[in-house]
Amino acid sequence: MEPQFSEAEQARIEDICRRYPTRQSAVMAVLWLAQEKFGALSPPVLRLVAETLGIPTSHVEGVATFYTMYLTERKGKYLLELCTCFTCGECGGREMWDYLMQKLQLNDEGVSPDGLFWLREAECLGACDTPPVLQIEGRRMVFNLTPEKADQVIDMLRRGELPPFESVPVRNSSPQ
Ligand code: FES
């Protein structure tokens, strides 16, 4: 069956479109909505987004394949992205990569035997002062990742719960 948006989702999309000068400008927000609903942006989902916005499928596909936040295929139920860029890599990211690979028994594609977890490396996630950083499903961040924190996150995901977004303490740089 071809993917479809519900009436409520269509209304939400129209709301989103009203915030942009053209329907084409809303493509990123609508792709994100589609990914949250369908899990990944398969060719039929890309066509649905294109038809809904009235723009060419090639344009939608170009956006979806350019940004790493969009998944054109999903290899595991929960996507874990571990930053291994310079700061995170040097401050425990490499060790955490090995820890997660072993703990979750991930294969060469980073997928666990039960298909629940899919680990991949991320480029800098913009939180270099709290390394290493783990991003979950593109919307939850875990800072200063340790094996203990990783164990907690994995337990939560196994229970079907997304961990909370951790807030980073903002240092007070003004003179005391
Ligand atoms: S290097 Fe990891 S968040 Fe920037």
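Working only within the stretch 115-138, note down all residues that are among the charged types (D, E, K, R) and either within 15 Å of the chain's Cα centre (by Cα) or at pLDDT 95 or above (or both).
If we filter the stretch 115-138 for residues that are among the charged types (D, E, K, R), which is where we start, we get 120-121, 123, 129, 137.
Selection gives Arg120, Glu121, Glu123, Glu137.
I need the full set of residues from the stretch 130-139 which are near the ligand (Cβ under 9 Å from one of its atoms) and free of Cβ contacts under 8 Å to residues at least 40 places away in the same chain, in order please.
Within the stretch 130-139, Thr130 is the sole residue that qualifies.
Got a number for residues in the stretch 107-129 being in a strand (DSSP E or B) and within 16 Å of the ligand (Cβ to nearest atom)? First the steps, then the outcome.
From the stretch 107-129, those in a strand (DSSP E or B) are 111, 117-122; that's our starting set.
Adding the requirement that they be within 16 Å of the ligand (Cβ to nearest atom) leaves 119-122.
The qualifying residues number 4.
Of all residues in the stretch 6-21, count the ones that are touching a residue at least 24 places away in the same chain (Cβ under 8 Å) and either over 14 Å from Ala50 (Cα atoms) or within 21 Å of the chain's Cα centre (by Cα) (or both).
At the first step, the residues of the stretch 6-21 found to be touching a residue at least 24 places away in the same chain (Cβ under 8 Å) are 9-10, 13, 17.
With either over 14 Å from Ala50 (Cα atoms) or within 21 Å of the chain's Cα centre (by Cα) (or both) added as a condition, the list becomes 9, 13.
Summing the residues that are touching a residue at least 24 places away in the same chain (Cβ under 8 Å) and either over 14 Å from Ala50 (Cα atoms) or within 21 Å of the chain's Cα centre (by Cα) (or both) in the stretch 6-21 gives 2.
Filter the stretch 98-118 down to the residues that are of a type in the set (A, V, I, L, M, F, W, C), more than 15 Å from Met69 (Cβ to Cβ) and in contact (Cβ under 8 Å) with a residue 40 or more places away in the chain, then identify the one that is surrounded by the fewest Cβ atoms within 10 Å (Cβ to Cβ). I'd like the intermediate steps shown before the answer.
First, the residues of the stretch 98-118 that are of a type in the set (A, V, I, L, M, F, W, C): 100-101, 104, 106, 111, 116-118.
Then drop every residue that is not more than 15 Å from Met69 (Cβ to Cβ), which leaves 100-101, 104, 106, 111, 116-117.
Pick out the ones that are also in contact (Cβ under 8 Å) with a residue 40 or more places away in the chain and you get 100, 104, 116-117.
On the way: Leu100: 22, Leu104: 21, Leu116: 15, Phe117: 23.
Per the criteria, the residue is Leu116.
What residue, among those in the stretch 140-168 that are part of a loop (DSSP other than H, G, I, E, B) and more than 16 Å from the ligand (Cβ to nearest atom), is modelled with the lowest pLDDT?
Filtering the stretch 140-168 for residues part of a loop (DSSP other than H, G, I, E, B) gives 143-146, 159-168.
Adding the requirement that they be more than 16 Å from the ligand (Cβ to nearest atom) leaves 159-164.
Working: Arg159: 95, Gly160: 94, Glu161: 92, Leu162: 89, Pro163: 87, Pro164: 82.
Top of the filtered list is Pro164.
Of all residues in the stretch 72-92, which are under 20 Å from Gly126 (Cα atoms) and surrounded by 14 or more Cβ atoms within 10 Å (Cβ to Cβ)? Explain how you work it out, then say what you get.
We begin by selecting, within the stretch 72-92, every residue under 20 Å from Gly126 (Cα atoms); these are 79-92.
Within the stretch 72-92, Leu79, Leu80, Glu81, Leu82, Cys83, Thr84, Cys85, Thr87, Cys88, Gly89, Cys91, Gly92 qualify.
Just give me the residues in the stretch 91-100 being more than 19 Å from the chain's Cα centre (by Cα) and under 18 Å from Met156 (Cα atoms), in sequence order.
Going through the stretch 91-100, the residues more than 19 Å from the chain's Cα centre (by Cα) turn out to be 91-92, 94-95, 98-99.
Scanning the stretch 91-100 gives a single hit, Tyr99.
If Met69 meets every condition in (1) at pLDDT below 95; (2) over 22 Å from Pro164 (Cβ atoms); (3) within 11 Å of the chain's Cα centre (by Cα) apart from one, which number is that one?
Failed condition: (2).
Scanning the stretch 72-83 for residues that are in contact (Cβ under 8 Å) with a residue 40 or more places away in the chain and not charged (D, E, K, R), which turns out farthest from the ligand (Cβ to nearest atom)?
Checking each candidate, the answer is Gly76.
Residue under question is Leu53, and the condition is that it be modelled with pLDDT of 95 or more and closer than 21 Å to Gly160 by Cα; does it hold? So that I can check it myself, show each step before the final result.
Working: modelled with pLDDT of 95 or more: yes; closer than 21 Å to Gly160 by Cα: no.
It is false that Leu53 is modelled with pLDDT of 95 or more and closer than 21 Å to Gly160 by Cα.
Condition test on Gly93, is it away from the ligand (no atom under 14 Å from the Cβ) and either within 13 Å of Leu134 (Cα to Cα) or at pLDDT 95 or above (or both)?
Numbers: away from the ligand (no atom under 14 Å from the Cβ): no; either within 13 Å of Leu134 (Cα to Cα) or at pLDDT 95 or above (or both): yes.
When the stated conditions are applied, Gly93 does not pass them.
The values are calculated or read from the model by the stated rules, or taken from the named source; none is laboratory data. What you see is a predicted model, and the numbers here were worked out from it, not measured in a lab. With ideal geometry, Cβ positions are generated from the backbone for all residues, glycine too; neighbour counts draw on all protein chains shown.
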